[in-house]
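Step one of this worksheet: look at the structure below.
The values are calculated or read from the model by the stated rules, or taken from the named source; none is laboratory data. Everything quoted here is computed from the prediction, not taken from an experiment. Heads up, the Cβs are rebuilt from the backbone with ideal geometry, glycines too, and the neighbour counts pull from every protein chain shown.
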Amino acid sequence: MREHALPLTNGENLKHTILLFGANGQVGHALQTSLSLLGQVTACTRAQIDFSQSSAAIAAALKVLTQRYQPTVLVNATAYTAVDRAQTETELAQRINATAPGLIAEAADDAGACVVHYSTDYVFKGDKPEPYLETDPTDPQSVYGQSKLDGERAVASACARHLIFRTSWVVSAHGGNFLKTMLKLAQERDTLNVVADQVGAPTSANLLATVTTQILQTLVERPSTDPRWGLYHLVASGYTNWHAYACYVIAQARAAGWPIKIQDQAIHPIATKDYPVAAPRPLNSRLDTQKLCGAFNLTLPDWRVGVDEVLQALKSPA
């Protein structure tokens, strides 16, 4: 039986003021809805703050926003996610993924607020045979992974009341992702080659947003001495590989009436070495969530629950 995370409830903290950065992304889009249970959510646009600008410009824009809205929570869902392009756009990736999160955390600390930030499995090398713990040594193999690790460290050092969630393989009906790419290609192509030796847990943006809000409901008014502030792994339960994930998505879509062209036997598994890309990918993206579930009494759903919900939200074009 597939279990869902605990449902959100309308708590007593609707007085909170939340600044949300990156609201147009997969996770940010979902957060706009879930965070409204805590209070007023202001989704900060690029017109208000551009994280590709200089540190001084970012800091100045943050000062204006915090003075105007007097936030109690700052949530950073923005990120530079072009993993391969980051290998050459190093400075931009560093500014958006490391410098900006640190400045957001500083602004939160100055305002007496807490900060939420999202990170990635790419902070690990990906060669561990078991799921990664929060305490495992980091060893990013790409510019993207290093920039995200630097962002984690900047946030943690700037604001004691922080929540950093490492996640992987994010999926949503909003924005671009692997699931939507596979759906498109399955309607157009006769054959597909999909990597089969990288494992992880497809994690829905709605799950990330829901759990973030649940945890904030618990912690938002707690002091920095509460030991539950800190770094957590947050992914759906179970795991798969990209090839099996693609096969599942395409089979479900076919059953739901999507005009799928490709036959199941024409979805071929390949090795990572046979699909060269600029930035190395972790072979093992599995993240252990025992710390999170234990600290907040959570049960995380199987990855297929979120994938099914995304497919249902997209619906068949047929």
Going residue by residue through region 235-249, is there one that turns out to be loosely packed, with under 14 Cβ neighbours inside 10 Å and at pLDDT 95 or above?
no
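Condition (residue is hydroxyl-bearing (S, T, Y) and farther than 28 Å from E309 by Cα) applied to region 161-168: is it met by at least one residue?
Of the residues in region 161-168, the ones hydroxyl-bearing (S, T, Y) are 167-168.
Among the residues that remain, those that are also farther than 28 Å from E309 by Cα are: none.
No, there is no match, as no residue in region 161-168 is hydroxyl-bearing (S, T, Y) and farther than 28 Å from E309 by Cα.
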When you scan region 89-110, do you find a residue that is assigned to a loop (DSSP other than H, G, I, E, B) and among the small types (G, A, S), even just one?
no
Is there any pair linking a residue in region 90-104 that is in contact (Cβ under 8 Å) with a residue 24 or more places away in the chain and surrounded by 24 or more Cβ atoms within 10 Å (Cβ to Cβ) to one that is among the aliphatic types (A, V, I, L, M) and not in a helix (DSSP H, G or I), with Cβ under 6 Å and at least six apart or on different chains, and which?
N97/A79; I104/L74
I'd like to verify a number: residues in region 113-136 that are surrounded by fewer than 21 Cβ atoms within 10 Å (Cβ to Cβ), touching a residue at least 12 places away in the same chain (Cβ under 8 Å) and either closer than 29 Å to R222 by Cα or among the hydroxyl-bearing types (S, T, Y) (or both), how many?
3
I'd like to verify a number: residues in region 253-311 that are out of contact with any strand residue (DSSP E or B) (no Cβ under 7 Å at 6 or more places or on another chain), among the basic types (K, R) and in a loop (DSSP other than H, G, I, E, B), how many?
2
Among the candidates A47, A30, single out the residue that is out of contact with any strand residue (DSSP E or B) (no Cβ under 7 Å at 6 or more places or on another chain), farther than 22 Å from S204 by Cα and not hydroxyl-bearing (S, T, Y).
A47
Pull up region 142-169, narrow it to residues that are touching a residue at least 60 places away in the same chain (Cβ under 8 Å) and in a loop (DSSP other than H, G, I, E, B), then point me to the one that is surrounded by the fewest Cβ atoms within 10 Å (Cβ to Cβ).
A160
Residues being out of contact with any strand residue (DSSP E or B) (no Cβ under 8 Å at 6 or more places or on another chain), part of a loop (DSSP other than H, G, I, E, B) and not acidic (D, E) - total across region 112-141:
7
Only residues in region 251-263 that are in contact (Cβ under 8 Å) with a residue 24 or more places away in the chain and closer than 7 Å to A186 by Cβ count as the first member; pair them with residues that are basic (K, R) and outside any loop (DSSP other than H, G, I, E, B), Cβ under 9 angstrom, at least 6 apart or cross-chain, and list the lot.
I260/R254
Could you list, in sequence order, the residues of region 26-50 that are in contact with a Leu (Cβ under 9 Å, 6 or more places away or on another chain), under 19 Å from Y80 (Cβ atoms) and assigned to a loop (DSSP other than H, G, I, E, B)?
Q48, I49
Expected single match for over 21 Å from the mean Cα position of the chain (by Cα) and in contact (Cβ under 8 Å) with a residue 24 or more places away in the chain among A61, A79, A107, A57 is A107
How do the pairs read when you match residues in region 287-301 that are in contact (Cβ under 8 Å) with a residue 24 or more places away in the chain and under 14 Å from T212 (Cα atoms) with residues anywhere that are surrounded by 17 or more Cβ atoms within 10 Å (Cβ to Cβ) and small (G, A, S), using Cβ under 7 Å and keeping only pairs 6 or more apart or on different chains?
L298/A5; T299/A5; L300/A5; L300/A236; L300/S237
Conditions (1) under 18 Å from L92 (Cα atoms); (2) part of a strand (DSSP E or B): number failed by Q53:
(2)
Among what's in region 38-56 and is surrounded by fewer than 14 Cβ atoms within 10 Å (Cβ to Cβ) and of a type in the set (A, V, I, L, M, F, W, C), pick the residue that is nearest to K15 (Cα to Cα).
A47
Complete set of residues in region 145-200 that are among the hydroxyl-bearing types (S, T, Y) and touching a Gly at 6+ places or on another chain (Cβ under 7 Å):
S168
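State whether the residues of region 170-179 include one that is farther than 19 Å from V116 by Cα, assigned to a strand (DSSP E or B) and not aliphatic (A, V, I, L, M).
Within region 170-179, the first condition is being farther than 19 Å from V116 by Cα, and the residues that meet it are 171-179.
After this cut, where a residue has to be assigned to a strand (DSSP E or B) as well, the list is 171.
Going one step further and asking which of them are not aliphatic (A, V, I, L, M), we end up with none.
No.
Which residue, of T213, T218, is surrounded by 23 or more Cβ atoms within 10 Å (Cβ to Cβ) and touching a helix residue (DSSP H, G or I) at 6+ places or on another chain (Cβ under 9 Å)? Break it down into steps so the answer makes sense when it comes.
Numbers: T218 fails: surrounded by 23 or more Cβ atoms within 10 Å (Cβ to Cβ).
The match here is T213.
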